[in-house]
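This report refers to the structure that appears directly beneath it.
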Amino acid sequence: MRIGARGLVCVAAGLLSMSALRAFALANEKLEGWVSDSKCGAMHGAKSPDPDCVAKCIKGGAAPVFVDANGKVWTIDDPDAVKGHYGHHVSVEASVDAGAKSVHVVKVTMLAQQ
């Protein structure tokens with residue numbers, strides 16, 4: 001079976017597209033912010049939510065969320081990744097889906113509370 005020049009171009013374009021998508025999917029960003037809950041989000045106050053309040057809301061059914069330094073609230077698609085960090089000021093390494101306003105947390109590092 002012979003593939004013409006057009007076929008080779010299509011195959012090459014497909015392979016490049018898959019490589020680009022894979023590289024994009026693997027790219028993580030570092031973000032600083034706070035772990036809050038979906039009930040209160042960024043309304044906990046000036047960048048220092050009460051860990052007990054956040055834990056209580058999450059225990060009551062609210063989902064953990066990440067609030068970045070600009071006050072933007074991000075859904076955490078893997079809530080177990082931030083367990084034990086409720087209400088904490090953290091740096092996260094995460095893949096970001098800006099369209100869905102969600103993050104997939106890969107690594108959490110505690111920062112000084114502010």
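Quick note: the coordinates plus some simple rules give every number you see, no bench work behind them. On a predicted model such as this, the values are computed, not experimentally measured, just so you know. When we count neighbours, we look across all protein chains shown, and the Cβ atoms used for this are built from the backbone with ideal geometry, even at glycine.
General remarks:
- Condition met for His104 (closer than 18 Å to Gly41 by Cβ, out of contact with any Cys (no Cβ under 9 Å at 6 or more places or on another chain) and surrounded by 12 or more Cβ atoms within 10 Å (Cβ to Cβ)): no
- Taken together, the criteria place Thr109 among residues that are among the polar types (S, T, N, Q), without any contact (Cβ under 8 Å) to a residue 40 or more places away in the chain, out of contact with any Phe, Trp or Tyr (no Cβ under 6 Å at 6 or more places or on another chain) and loosely packed, with under 13 Cβ neighbours inside 10 Å.
- The residue list Lys56, Lys72 contains one member that is basic (Lys, Arg) and more than 13 Å from Glu32 (Cβ to Cβ), which is Lys56.
- Scanning region 75-85 for residues that are out of contact with any Ser or Thr (no Cβ under 6 Å at 6 or more places or on another chain) and either aliphatic (A, V, I, L, M) or farther than 13 Å from Gly33 by Cα (or both) yields Ile76, Asp78, Pro79, Asp80, Ala81, Val82, Lys83, Gly84.
- On the stretch given as region 42-61, residues that are surrounded by fewer than 17 Cβ atoms within 10 Å (Cβ to Cβ) and touching a strand residue (DSSP E or B) at 6+ places or on another chain (Cβ under 8 Å) total 2.
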